[in-house]
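A.B. asks: The structure follows.
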């Protein structure tokens, strides 16, 4: 792995960790639930209403038992509801409650406001370079997922 690649990997991990830590504190200050495991579950259930625990565990890359426990907790908090599948009573489908949808909206607003304030603190030229780099990384990842090549050049070089 090149020095650039190693540093990028390390920085992405560190930035992700810092965002999660600061966001948890920020959500707590706002009086919002802030379990780091809850957010992806709520986000996926909102995007795919009626998803099963099995499907959700595959999409999130989490153990089914962990997703099942999280779903129970979220149901207990009034954020999710479980409904039996009308065609297969063995399956349980997950849906956001009205409170869950409201809470997800508040989480999203809070998250975006938090990140926007952080980005606004950067000098404009740094923010532009960061945006260019992230776009190039996204293009490279998209091309890799689609089996394409050469997308890593999109958005310019490292100079």
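Each value in this text was obtained by applying a stated rule to the coordinates, not by laboratory testing. Everything quoted here is computed from the prediction, not taken from an experiment. Because the Cβ atoms are built from the backbone with ideal geometry, glycine has one as well, and the counts that use them run over all protein chains shown.
A.B. asks: Rank 17, 93, 102 by mean-square fluctuation in a GNM of the chain with C-alpha springs under 10 angstrom and give only the top-ranked residue.
C.D. replies: So, out of 17, 93, 102, the one fluctuating most is 17.
A.B. asks: Okay, next question. For the chain, modelled as a Gaussian network with Cα springs under 10 Å, which listed residue fluctuates most, 124, 109, 99?
C.D. replies: Of the options given, 124 has the highest mean-square fluctuation.
A.B. asks: Additional query: Per residue, how big is the convex hull around the C-alpha atoms of the stretch 1-64? Give it to me in cubic angstrom, could you?
C.D. replies: Numbers: hull volume 7.3 nm³, N = 64.
It is 113 Å³ per residue.
A.B. asks: Also: What is the distance, in nm, between label points placed 7 Å from the Cα along the Cα-to-Cβ direction at residue 73 and at residue 127?
C.D. replies: 3.5
A.B. asks: Can you give the Rg/Rh ratio of the stretch 3-121, where Rg is from the C-alpha atoms and Rh is the Kirkwood radius? Kindly include the intermediate steps, with their values, before the conclusion.
C.D. replies: Working: Rg = 16.4 Å, Rh = 15.7 Å.
So for the stretch 3-121, dividing Rg by the Kirkwood Rh gives 1.04.
A.B. asks: Please quote Rg/Rh for the stretch 51-91 to two decimal places, taking the Kirkwood radius as Rh and restricting both calculations to Cα atoms.
C.D. replies: Answer for the stretch 51-91: 0.98.
A.B. asks: Please compute the length gained on full extension between residue 24 and residue 95, using 0.36 nm multiplied by the number of residues separating them and subtracting their Cα-Cα distance.
C.D. replies: Answer, rounded to one decimal: 23.2 nm.
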